[in-house]
Every structure is written in C-alpha cells, then in structure tokens.
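Novice: One structure, pasted below without further comment.
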Amino acid sequence: MSFAQFNFSSQITTNISNCGYEHPTPIQEKAIPKVLSGSDLLGLAQTGTGKTAAFALPIIQRLSNGPRGKVRALVVAPTRELAEQINQSFLDLSEGTGLRTVTVYGGVGKGNQLQQFKRGVEVIVACPGRLLDHLNSHDLNLNKVDILVLDEADQMFDMGFFPDIRRILKYLPKHRQTLLFSATMPADIRKLADETLTNPEEVRINLEQPLNLISQVLHPVTKPQKTALLLHLLKETTDGSTLVFTRTKYGAKNLAKKLISTGYKATDLQGNMSQNQRQRALTGFRDGDFTVLVATDIAARGIDVSLVGQVINFDLPSTAEAYTHRIGRTGRAKRSGRAVSFVCHDDQPMIKAIERLQGKSIERLTITGFAMDKEADQLETPRPHTPRRSTKKKMPASSRSGQQTRSGSKEKSTKPKHRTGGNIFGLGREKK
Ligand code: AMP
C-alpha cells in the first residue's frame, strides 16, 4: 500500500517523502481515509505506531484549502514533550503549505505564545492547563475550530486533566470533527468518547503489535545490587542509546549523577526539572550528546527517540500497561529493540500482571553475582494454565560473577486481559 491512494496534495506528498516515510503504517492506512472523509474517530493505538502522522496528514490536507488566520485545528496532549513532538510533525508535514502551528503549554512565559496568536495560527498543539489559562483570559478564540484531536486520552485522564478538557470543550463549536486517541479504553475514556464523539469510526491497532519487535528479558537482582548491575549491562552495550526508568524523581536524578561520575554521558528527565532543562535533556539524548537518559514515567511517556537501543526498567512501573508504554520507547517505527527489567523478589506480582497482559512469559536471565537465590527462585517462569506445584524448579546456579543463566520458556498463555477501569497507568503523580 502506498501514500498515493490518499490523493494528498503534491506539496504534502513531497513532505511525506522528505520525512522518509515510504509506506503508510497500519494506523495510517486505516485512519487517514476516515479523517479525510470528515468522520469522528476513536483510535486505539499507542505511540510508536505512526499515530501522529495518521491525524496530522489528513488535518493538513483538509486545512490547506480553507481560510487562514483562525485556529482551525486544536490538538490537546498530556505532556509538553509530546506537544513539541506533535508540533514538529505538523511543521515537517505542512512545510510549504503556509499553515502555521504553535505549541501552548505551561512552564514557559506566555509572551511568545501571545505573539503567535496575534500573528495568526491555524493549528494549536496544547497541554490542557495553559490552554485553559489563555481561554479564561480571552487571549484566544477557538470558535472556528473544525477539528479537535484529544491525544493520549488515557494519560490525560491519569494526570487528572479531564475536568480541564471538559472546560475546554465549552469554548469549541459543537459542530466539529473530533478524533480521540488512546492506548487503552477503560470506562472513563469510553465515557469521554461518548460525550465528545458523534457516530465515530473506530480504528484499533493491536496493543501488542509494536512489542513483537522488542526482545524482553528479566534480570533477578537484589535491591542494593541494582546500580552495579546497571553498570555491568551498560559496559556491555555497544549499540544505540539506553533509556533507564526509575520510579521516583529523586531516584532518576541520583542515578544519573552516579552514571556521570562513572564516566557515562548521562542525564535525567523528571518532573522537578524546568521545561528548559527537560527540553535540553531530551534534545541532547536525541542528538546523541547523552547516551543514557534516566527518566520517570511522567517525563518520558510518549517521547519519540527513534534510536533507543534498549530500555532498562531499573524499577518496575506500578502497572502492567505502564510497562508496555515504557518498553515501547524502543523498537519504534519497525526498528528492533531490547527491554531489560530488574526484578526483586517483591516485584513478582507485577511481573505476573505484565505477563498476563502480554499473554506470554518473559525470559528470565540470571547474571550471577547480582541475584541471591531468593530472587532467582521467585522469578521462576510461571505456568499459567496448570495448578501451582509445591516443588519449585530450581534455576541452575553458575559460579562466576557476570555469568548469565537463562530460564523461562516462551509459551503462550491466556489472551491478554485488559483492565477496564480506574487509574490504569499508575502514572498520576511522580513519586518524589
Ligand atoms: P508516532 O507513533 O506518531 O510517535 O510515530 C513514531 C515514529 O514513526 C516517528 O519517529 C515517526 O516519524 C515515524 N513514522 C510515522 N509514520 C511513518 C511511516 N509511514 N513510515 C516510517 N516511519 C514513520
């Protein structure tokens, strides 16, 4: 299948090939015709699937021929990093069309945003808080918006943005096209979809699809040995950059410091940093100035760094879905990647939940010297369909530190079970 089937203008077609896109991704194949036809859309897809271009391209095509100087498309996204990424896609894909886009988020001065509103923009990519701020101050008029995109709705819910979104909706025309994207569809997201979408077309991209490209492994480890194990693994890493996830902001900052003192080009990315610091960290990581980025979930979700060779879960996330998002930072856009998780014995329930969601077990790899027997034993591969046996199969012990011992088969178990309600990502607040 090729992009030619969508009959984009020649300028947009040129921009697509300048971005290096040869064929539409599955979500683009399914979503673009529906968005071009003017339908509302409910898209179940995560980042890494080409979701941004799936809405940006038809929006640019639709806006290319209309009036200028009025805000005609509004994209609402949960984080500043994601807003910047979406904006960059709009800039790249709309080059030469004369369309103007601006990002709107807090943590930076309002002056530049106000200036751009005055000059006139057709597309706004915004985080809810600052956008509402501008709307309340009458800085901005959204009554000519034709297309609204609510991106990563599940994360916006998790971050407590839904009341703001409902307020923002009051400033928009009732007759408009609305596109809502979410990686999962718990009850609260379904409710927002029911409130905002009219006869939506539904496009669903298998949650597991991008994960097929990612090799996953669990390393049993004792808590005090985690940093030593990380250093051991980094020493062996020769290809691409490494994204390390910690549970807390303090943990991210502290670990990055330790890595820097050991000689690594590392930086942290967490919610205590100013927007400028966050942007510097992200850009430096993207450009290869830093080879290791230590981040918390809030700061890192949705970021697109195409050459992340491996994701290391220094601490496991608090939900199985968050694990999926984390490891989705590698293996993006058809590249292969590696996801490594450090697992202590009290992480066992989370590992079970992750394996249940994926419908398969993940390989255990014990690196001797880093896990006591307890961790290795606790991480024995589960047998999802058979009753639990009382005698555990012991993992073979090996004698030299740093030696690897594999366990765990790739057997299939039940279909993934998705949660259907609540605060699904457990990402609501970063821990200090
Ligand atoms: P997204 O899911 O929108 O964050 O996109 C993930 C990555 O895929 C980004 O780096 C995009 O530039 C890239 N991408 C989007 N569409 C295509 C395509 N059709 N072919 C190749 N790469 C793409």
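Readers should treat all values here as calculations from the given coordinates under stated rules, not as data from a laboratory. Predicted model, so just to flag it, every value in this text is computed and none were measured. Methodologically, a virtual Cβ is constructed for each residue, glycine included, from the backbone with ideal geometry; neighbour enumeration extends over all protein chains shown.
Novice: Using every alpha carbon pair in segment 214-379, what percent of pairs falls into each 5 Å bin from 0 up to the bin containing the largest distance?
Specialist: Calculated over all Cα pairs of segment 214-379, the distribution is 1, 9, 19, 23, 22, 15, 7, 2, 0 percent.
Novice: Give me D164, D315, D194 sorted ascending by neighbouring Cβ count inside 10 Å, so fewest comes first.
Specialist: Ranking D164, D315, D194 by Cβ neighbours within 10 Å, fewest first, gives D194, D164, D315.
Novice: Could you run the Karplus curve 6.51 cos²θ - 1.76 cosθ + 1.60 with θ = phi - 60° over segment 185-193 and give me ³J(HN,Hα) per residue in whole Hz, x for Gly and Pro?
Specialist: So the Karplus estimates, Gly and Pro as x, are 10, x, 4, 5, 6, 4, 5, 4, 4 Hz.
Novice: May I ask for the Kirkwood hydrodynamic radius of segment 172-289, worked out over all distinct Cα pairs and given in angstroms to one decimal?
Specialist: In segment 172-289 this quantity evaluates to 18.5 Å.
Novice: Let me ask another. Principal axis lengths of segment 1-101 from Cα atoms, whole Å, largest first?
Specialist: Projected onto the principal axes, the Cα atoms of segment 1-101 cover 35, 32, 27 Å.
Novice: I need H345, H325 ordered by Cβ neighbour count within 10 Å, fewest first.
Specialist: Least crowded to most crowded, the residues run H345, H325.
Novice: Let me ask something else. Compute the projected area of the convex hull of the Cα atoms of segment 3-205, averaged over all viewing directions, and report it in nm² to one decimal place.
Specialist: Projected over every direction and averaged, the Cα hull of segment 3-205 covers 10.3 nm².
Novice: Once phi is turned into θ = phi - 60°, what whole-Hz ³J(HN,Hα) does the Karplus curve with 6.51, -1.76 and 1.60 give for every residue of segment 264-272, x standing for Gly and Pro?
Specialist: Computed from phi, the couplings for segment 264-272 are 7, 7, 10, 8, 10, 9, 8, x, 7 Hz.
Novice: Hey, what do the phi angles of segment 96-104 turn into as Karplus ³J(HN,Hα) couplings, whole Hz, using 6.51/-1.76/1.60 and θ = phi - 60°, x for Gly and Pro?
Specialist: Each residue of segment 96-104 in turn: x, 8, x, 6, 10, 10, 9, 9, 10 Hz.
Novice: Segment 173-264: which trypsin sites (Lys or Arg not before Pro) are DSSP loop and have at most 16 other beta-carbon atoms within 10 angstrom?
Specialist: Here the sparse-neighbourhood loop sites are K174.
Novice: Report the calculated FRET efficiency for H138 and T238 (r = Cβ-Cβ distance, R0 = 45 Å), to the nearest 0.05.
Specialist: So the FRET efficiency works out to roughly 0.20.
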